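Readers should treat all values here as calculations from the given coordinates under stated rules, not as data from a laboratory. Predicted, not measured: the structure shown is a model, and the values here were computed from it. Cβ coordinates were reconstructed from backbone atoms using ideal geometry, including for glycine residues, and neighbour counts include every protein chain displayed.
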Amino acid sequence: MGGTDRCRGVAGKKKETEGYGRLRGQVTRITIYVVNYKRDECWPIIEKARTTLFGDHKPADVVLGVAKLSPGYLIEADAIAIFD
């Protein structure tokens, strides 16, 4: 599986956050873990997915290349949100 295919999984996060539309602006940081991360292949896809998820809101982010994740996973992300 190529790097581009690995990175397309980020776009799948939109479905998980659709119910939380009004909360997206409260996300302050996202961390994305990608198996065998290659910046030139993955970054444009990650950036497009982030724009789809958060619109103009740009939480801080960290993208980490990793050797492996849980069996069957090629990409994983977590988010931190602040609630008043």
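Here are some notes:
- Modelled spin labels at Ser70 and Thr52, positioned 7 Å past Cα toward Cβ, are 2.2 nm from each other.
- About the Cα centre, charge dipole magnitude for region 26-83 (Lys/Arg +1, Asp/Glu -1 at Cβ), debye: 60 debye
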